[in-house]
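Asks: I'd like to ask some things about the structure below.
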Amino acid sequence: MSEDSDNAYCLIDATRPPRADGPPYAECVLCREPTEYPESYKGITLCPVCEWQEAQRTACSG
């Protein structure tokens, strides 16, 4: 089986913004801590802690 068919049941889009090469970093939309993403990124950015917690809440169960 290919990886695509193994994850076909999961409908969550886990698209992530590009990682920044250095400061300035975007603020986390939940806790306002610096993230790993560039400040110029337009969209939802989460710090590593909030990103992990969000992944736990939205993980596919099966």
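Any read-out appearing in this document is the output of simple, stated calculations on the displayed coordinates, not a laboratory observation. Bear in mind that the values here come from a model prediction, so they are computed numbers and not experimental data.
Asks: Using modelled backbone amide H atoms (1.01 Å from N, in-plane), which distant-in-sequence or interchain residues come within less than 5 Å of Tyr37's amide H?
Replies: Result for Tyr37 returns Ala20, Ala26.
Asks: Using modelled amide H (1.01 Å from N, peptide plane; none on Pro or chain starts), what sits under 5 Å from the amide H of Leu30, excluding residues fewer than 5 places away?
Replies: It is Cys47, by chain and number.
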